[in-house]
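The values are calculated or read from the model by the stated rules, or taken from the named source; none is laboratory data. Since the model is a prediction, treat every value here as computed from it, not as a measurement. No Cβ is skipped: glycine too gets one built from the backbone with ideal geometry, and neighbour counts run over all protein chains shown. The accessibility values were calculated without ligands, DNA or RNA, using every heavy atom of the protein model including side chains. Shrake-Rupley method; radii C 1.70, N 1.55, O 1.52, S 1.80 Å.
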Amino acid sequence: AYQSEFLSCIRSYGCTHAYALAGVLPPKITIVLGMHRSGTSALTGMLHASGLGAPIDALGATESNPFGYWESNYLVELSNRLLQNLETHWSTMLDLPYKWSTSPYVAQWVSDFLRGFSLVFDSEKHLVVKDPRLCLLLEPLLPCLNSGFFEVHYVLITRSPIEVVASLKKSEGISYKQGLNLWITSVLSSERLTRHSHRIMSTYSELLVDPVSILKSCHLMWDTNGFDSALTSSENVAGFINAALHRQKSDLIRDKILAENMCLFGLLNFAERIFDLISKSDCLDRGLKLDQLWHEWNQRRESLQSSPVRN
């Protein structure tokens, strides 16, 4: 039943092995995962300022993101091309085709993505890789990332869903409903795909309040001795964290958005249940509860897809 998935994993592993023999893979990678408009850029910029290698072709600053995106233009274009071949877009990629990860387009994307490490990074350094698309596109990369040919760590960051969709609406014109659907799928997917990996999880609010604490947790995860030197440049690191850019605040916008869009109440409530679980550091059965929410979410989507269209 899973022959195509198995063969895809074997091909991905073989591709990684070939690149490892060629000496083009980095020794260590940290992947920043988070939904769009969740603070991934600020977090990645901070990690770069603390010593991690960023891409030489990083996307520049915009009005929506004055400190830059810290995403490789080459890798982003690879992913956009893949999504185009799969007949979707980053804003609608929650509806990826059935068995999309076994597509020949994906096999080529995996190979090109791995090769990109040596093209747009200093592959001898510990790299920081960030792209919100990876919240969903990470799955076919896992055989490569779990191959043991290099160290891989993850930093997951989550932001209040109402703040994210409000920011997406303002910056990209994406509807609240579409934004919430993408938020739910991205957050649940990235958590599930990295649950058994080396990772830390944080929130946008924690990043704004205490960025140095997050950096300390990263160094503990990496098992490095560089935190003292990072502290000496804390002003440089904190320069990427500007609380003034926290423009969409849940306590100020939630009631107004719901008053104008009452149909969002159930979907927003579901997203906030996920956010509450993700945000709790002392929840012993968090994984089980998130699995239940994942199952509930899939049932909701299947119900919507199977409902007859009414004129």
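A few points about this structure:
- Square roots of 5 times each gyration tensor eigenvalue, C-alpha, the stretch 244-303, largest first, Å: 24, 19, 8
- Taking N as its residue count, the alpha carbon Rg of the chain over 2.2 N^0.38 Å: 0.99
- Counting charges near Gly45 (Lys, Arg +1; Asp, Glu -1) among other residues having Cβ under 12 Å from its Cβ returns a value of 0.
- Summed over all non-identical Cα pairs, the Kirkwood treatment of the stretch 1-108 gives a radius of 16.3 Å.
- Heavy-atom accessible area order for Cys9, Cys15, Cys144, Cys263, largest first, 1.4 Å probe: Cys263, Cys9, Cys15, Cys144
- Residues Met93, Met201, Met262, Met221 ordered from highest to lowest accessible area at a 1.4 Å probe: Met262, Met201, Met221, Met93.
- Shape of the stretch 41-158, Cα gyration tensor, a/c cut at 1.5: oblate
- Antiparallel DSSP beta bridges within the chain, as percent of all bridges there, nearest 5: 5 percent
- Accessible surface calculations at 1.4 Å, restricted to protein heavy atoms, place the stretch 27-90 at 37 Å² per residue.
- Computed per residue of the chain from DSSP H runs no shorter than four, each worth -39500 (n - 2.57), the mean residue ellipticity at 222 nm is -17500 deg cm²/dmol.
- Here the relative contact order of the stretch 153-197, from alpha carbon pairs under 8 Å that lie six or more residues apart, stands at 42 percent.
- Only lysines eight or more places from Lys256 in sequence, or on another chain, were considered; those with a Cα closer than 29 Å are Lys169, Lys170, Lys177, Lys280.
- Here the accessible area is traced with a 1.4 Å probe on the protein chains. For the chain, carbon and sulfur cover 51 percent of it.
- Across the stretch 1-106, C-alpha contacts under 8 Å between residues 6 or more apart give a mean separation that, scaled by the residue count, equals a relative contact order of 19 percent.
- Of Thr185, Ile29, Phe113, farthest towards positive along the dipole that unit charges on Lys, Arg, Asp, Glu beta carbons give the chain: Thr185
- Average Cα contact separation per residue, the chain, under 8 Å, 6 or more apart, as relative contact order %: 24 percent
- Heavy-atom accessible area with a 1.4 Å probe sorts Val24, Val120, largest first, into Val24, Val120.
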